[in-house]
Structures are given as C-alpha cells and as structure tokens.
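Here is the structure we will look at, set down as structure tokens.
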Amino acid sequence: MNVRRRRDRFAVARGWRNNAGMVMVAEILILEAIIFVAFMVNTVTGFAGSIMALALGVHFFSIESLVPVIVVINLVVSIYIVAVHHEAIDRRLLLREIIPAAGLGVPIGIVLFNVARTDALKLAFGIFVIGFSLLELFVILFSATGPSRKPLSRFQSFLWLFSGGVMHGLYASGGPPIVYYASRNIPDKRVFRSTLSAMWVILNTVILVSDIATRKFTAESLWLATLMLPALALGIALGEWLHPRIPERPFRILVYSLLVVAGVLILF
C-alpha cells in the first residue's frame, strides 16, 4: 500500500472524522477512557497498556490510525516509569538478551504491517494469546510450583522475545510473548516492570522513527496523542498507587488474566 492510499485510509477511518471533517467529541472521550484504564494497568504491570488500548480502540478507530498514536502514548508512560524507577532495571538482561532478540523481530513486524492482511493476523494473534495465557493461569492456580517454575532456556527465550518483537512491529503490542518470557525469567515484579518499560522505550522509539519516515505518524496523530495526555496522567497516578499494594502471586494471576481478556477483545 503506498503512502497516499494509507493517508486516505487514515483520513476516512471509522470514528476518526465525521462528515464535516471535525473529530467527533464522543469518540475522543471514549478513547480517553480507554487510555486511562489501559495505561493504569500498564503502570501497575509494566505491560498490557498498548494491547488493551488497541483491542478496545479498534471498535471505534481503524487500526492504521490507532497504532501510531498508541506508540507515542506508550513511549511517554514508559519513559516516565524508567525515569522514576530506573534503579530496578536489569541492564545486563535488557542489553544482552532482551533487546537483541526482540529488536530482530521489530523490522519484520513493521514490514508485515504494511503488506499483510491484518484481519488474519489479528485472529491468529488473539487465539495464540488466549491459549498460552489460559495454560499459564492453570499452572499457577493448580500447581504448587507454578510461580517458581524454571527460567526459559536461551533458545526458548530467543523465540519468545523474537516473536514479541514481530508482534510489536505489527501492532505496537508485543506484550504477550515478551511478558511470558519475563514472567519466567524475571521473578521480581519491580524489576519485571522497570526492565520491560526500558525495552518499550527503545522499541517504540524505533517504531516512531519508522512511522515518521513513512508518514504514518502525522500532525493529526500528534494532536490526538496530545489530547490523551490528561487521561494518561490520571491512569499513571492510579497505577503508581496500586503497584506496591499488589502482592506477588495475585500479580502473576493478574498478568495472565489480562492477557486472556486482551486476546478475547482482539478476536471481537
């Protein structure tokens, strides 16, 4: 799809503009509510904000118009978490294992976003997310050793991180595969959240540069992202209050429960 066709689709996306060319206030308010909830969760867990925002937002906006906006919003909240909680980042793991593997997948996802049928990819992605999330919930709830399972091997880690990078390049929502990796290899929830947030800063910066270069991110994208900032700030504030009050086992149950919900929302 060439740039002109993509810009046309952006302009006429369902819910993006009304017939008079003015952004519809009701749908802007709905998107603000979505951003508030999604990034409150993101601040608590270190993930799930983008995928929840996208899964809910596609009912009101086209995926092509939403992804560039969500990239910017996710970048803002991730920068905030890194700035405030940088001492909890596992820099060795981030730079030696996470970024190299996930970074290889991002360019592939960006290419697929431009050439593949997104409906088919969304269907497969949703089924995948639901399947492995339910399996992990079963292990945690019905196995005494669930939360202390052995870390993934280096090869398994690469596969999960690489697939997460591909998904992130596609939808700016690579959370499920990468969160699965992190849940097995990063047991401390503070390190979990901060390390993932540092990774999102790096990957989202790459995607934003790509979106600007290909003109998918426009002045209108920036304007809409700016309108979301008050809701984002409120979501971050509530998430910060909730984060230290959630103990370890419920935290892991929350992680996989959110992934199940996100997978169902992607399908519908």
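The values are calculated or read from the model by the stated rules, or taken from the named source; none is laboratory data. Please read all numbers here as calculations on a predicted model, not as lab measurements. Cβ coordinates were reconstructed from backbone atoms using ideal geometry, including for glycine residues, and neighbour counts include every protein chain displayed.
Scan the range 173-224 residue by residue and report those that are acidic (Asp, Glu) and out of contact with any helix residue (DSSP H, G or I) (no Cβ under 7 Å at 6 or more places or on another chain). Walk me through how you get there before you give the answer.
Let us first name the residues in the range 173-224 that are acidic (Asp, Glu), namely 188, 211, 220.
If the condition is that a residue be acidic (Asp, Glu) and out of contact with any helix residue (DSSP H, G or I) (no Cβ under 7 Å at 6 or more places or on another chain), then Asp188, Glu220 are the ones that fit.
Only one of these conditions is not met by Ala144: (1) modelled with pLDDT under 80; (2) among the aliphatic types (A, V, I, L, M); (3) in a helix (DSSP H, G or I). Which number is it?
(3)
Scan the range 98-117 for residues that are closer than 18 Å to Asn204 by Cα and surrounded by fewer than 19 Cβ atoms within 10 Å (Cβ to Cβ) and jot them down.
Listed by number, the residues that qualify are Ile99, Pro100, Gly103, Leu104, Pro107, Ile108, Val111, Leu112, Asn114.
Of the numbered conditions (1) in contact with an Asp or Glu (Cβ under 6 Å, 6 or more places away or on another chain); (2) without any contact (Cβ under 8 Å) to a residue 60 or more places away in the chain, Ala231 fails exactly one; give the number of that condition.
Ala231 satisfies all of (1) in contact with an Asp or Glu (Cβ under 6 Å, 6 or more places away or on another chain); (2) without any contact (Cβ under 8 Å) to a residue 60 or more places away in the chain except (2).
Would you mind finding the one in Gly15, Gly57, Gly46 that is modelled with pLDDT under 80 and within 14 Å of the chain's Cα centre (by Cα)? Walk me through it before giving the result.
Details: Gly15 fails: within 14 Å of the chain's Cα centre (by Cα); Gly57 fails: modelled with pLDDT under 80.
Going through Gly15, Gly57, Gly46 in turn, just one is modelled with pLDDT under 80 and within 14 Å of the chain's Cα centre (by Cα): Gly46.
Report yes if some residue within the range 86-97 is at pLDDT 90 or above, touching a Lys or Arg at 6+ places or on another chain (Cβ under 9 Å), small (Gly, Ala, Ser) and surrounded by 15 or more Cβ atoms within 10 Å (Cβ to Cβ); otherwise report no.
yes
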